[in-house]
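**Q** Take a look at the following structure, please.
The values are calculated or read from the model by the stated rules, or taken from the named source; none is laboratory data. Quick caveat: nothing in here was measured; it's all calculated off a predicted structure. All Cβ positions, even for glycine, are placed from backbone atoms using ideal geometry, and neighbour counts span all protein chains on display. The accessibility values were calculated without ligands, DNA or RNA, using every heavy atom of the protein model including side chains. Shrake-Rupley method; radii C 1.70, N 1.55, O 1.52, S 1.80 Å.
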Amino acid sequence: MAILQKHGKNSSPDLVCLKETPPDKIGDAGGHQKNWSEQNTNWPRPLARVWTVVLLLGTCLLYCARVAMPICAVSMAEKFNWTKREQGMVLGSFFWGYCFTQVLGGYVSDRVE
């Protein structure tokens, strides 16, 4: 949703500038009416770049967490005197918890807008 100031200019360069036509229906050649949301489906380039960087950093952090857990499990096993079975249970729980939260998080992100 574009936020407009008094003179119709964007408050941020990432937002789409609305024209004088009403946002509900914008006519094109041939008399066909399109909704505002159907016409502007692409993101502005600066906003797309920001989201690309944010998603890249998020993916890197997820991979760091996946790599760090098995490394930390060795020192945790020594500190807490875990057996091989207990260490396997901890690593298995981390793996399955990671998998289920990824699927659950994807489902929730599709439902919440």
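**Q** Might you check whether a residue that is in contact with a strand residue (DSSP E or B) (Cβ under 8 Å, 6 or more places away or on another chain), polar (S, T, N, Q) and either surrounded by 10 or more Cβ atoms within 10 Å (Cβ to Cβ) or modelled with pLDDT of 95 or more (or both) occurs anywhere in region 97-112?
**A** Within region 97-112, none of the residues are in contact with a strand residue (DSSP E or B) (Cβ under 8 Å, 6 or more places away or on another chain), polar (S, T, N, Q) and either surrounded by 10 or more Cβ atoms within 10 Å (Cβ to Cβ) or modelled with pLDDT of 95 or more (or both).
**Q** Is it true that Asn81 is exposed (fewer than 10 other Cβ atoms within 10 Å of the Cβ) and at positive phi?
**A** Spelling it out, Asn81 is indeed exposed (fewer than 10 other Cβ atoms within 10 Å of the Cβ) and at positive phi.
**Q** Still on this structure: Scanning region 27-51 for residues that are modelled with pLDDT of 90 or more and open to solvent by 90 Å² or more (accessible area, probe 1.4 Å), which turns out nearest to Gln102 (Cα to Cα)?
**A** That would be Trp51.
**Q** Continuing with the same structure: Go through (1) at pLDDT 90 or above; (2) assigned to a helix (DSSP H, G or I) and name the single condition Trp82 misses.
**A** The single condition Trp82 does not satisfy is (2).
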